[in-house]
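These notes are about the structure you will find just below.
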Amino acid sequence: MQFGERIRELRESQGLLQRQLAASLEIDTPMFSKIERGERKAKREQVELLASLLHANLSDLLRIWLTDQIIDLVKDEPQASEALKTALKEIKKDEH
């Protein structure tokens, strides 16, 4: 699930309007709408604030947000899968 879709799902389930969340993020409603549609990227600070405003699990939202960031970066690269495998190995090495 993409970040914007998850935000929309959470917002609608709580009966909140885009303009309410946009005001809390100090952005205009059209910008918030673009984030929900995946046309704009939310900043990390915005993800953290949205997690609080929507009573959502921050770790889950950050994971979805970061996944979107990675996909956007590598989606058109022919070596994307191999690069991701290599990156995962490096990340796992750093975790130990």
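No lab work stands behind these numbers, since they all come straight from the coordinates. The structure displayed is predicted, hence computed values, not measured ones. Don't worry about glycine lacking a Cβ; one is built from the backbone with ideal geometry, like all the others, and counts go over all protein chains shown.
Summary of computed values
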{"read-out": "GluC sites (Glu not before Pro) within the stretch 38-94: DSSP coil, no more than 15 neighbouring Cβ in 10 Å", "value": "Glu39"}
{"read-out": "Three principal axis lengths of the stretch 8-52 [C-alpha, angstrom, descending]", "value": "23, 20, 17"}
{"read-out": "The chain, dipole about Cα centre (Lys/Arg Cβ +1, Asp/Glu Cβ -1), debye to the nearest 20", "value": "60 debye"}
{"read-out": "The stretch 2-96, relative contact order [Cα under 8 Å, separation at least 6], %", "value": "26 percent"}
{"read-out": "Furthest towards positive pole of dipole, Leu49, Ala83, Ile71, structure part the stretch 1-93, Cβ charges", "value": "Ala83"}
{"read-out": "Over the chain: Rg over Rh, Cα atoms, Kirkwood Rh", "value": "1.05"}
{"read-out": "Under 28 Å from the Cα of Lys34 - lysines, other chains or at least 8 residues apart", "value": "Lys43, Lys75"}
